[in-house]
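The structure appears below as structure tokens.
All of the numbers you see were taken from the coordinates with simple rules; none came from a lab. Treat the numbers as computed from the prediction; the structure is a model and nothing was measured. Don't worry about glycine lacking a Cβ; one is built from the backbone with ideal geometry, like all the others, and counts go over all protein chains shown.
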Amino acid sequence: MTVPRLVLPLAGLLLLSGCAGGRTSAAAGPATTTTVNLPPSYRFDPEAIQVPAGTTVTWTNNDNFTHSVLIVGSNDVHTMKPGEKTTITFNTPGQFDYVCTFHTQNMKGRVIVN
Ligand SMILES: [Cu+2]
């Protein structure tokens, strides 16, 4: 007996669609990355990241307004005009919340250092 022509390709399609069904959990927790983007408008993306101790994190202001990064509890304001970057090195494990000093109500972020 021969296998009907359509059965094997169809089985392949079903397998593929089964694999694509799972959703990634990008929004569930801090992203593992060393770069934070400031896209238009007024936000840090991703808002929360996690890095190992000793990591230098880079923020890039791709918005059309001046923003800044101020680690809560420090006095070191890192101001970025449109197109500018700033970096902060995190040597101590812990949770570091930060704000944009120009838009403290809207722009908040967090760096978790492991
Ligand atoms: Cu801002």
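Here are a few things to note about the model shown:
- Annotation: amide H of Thr33 within the under-5 Å range of Gln50, sequence separation 5 or more or interchain, hydrogens built in the peptide plane.
- If the chain linking Gln105 and Asn62 were pulled fully straight, counting 0.36 nm for each residue of separation and taking away their Cα-Cα distance, it would gain 13.5 nm.
- Theoretical FRET efficiency, 1/(1+(r/R0)^6), r = Cβ-Cβ of Val77 and Ser41, R0 30 Å, to 0.05: 0.90
- Cα coordinate range in the range 27-113, projected on the principal axes (Å, largest first): 32, 30, 22
- Footprinting exposure proxy for Lys85, Lys108 (fewest neighbouring C-beta atoms within 10 Å first): Lys85, Lys108
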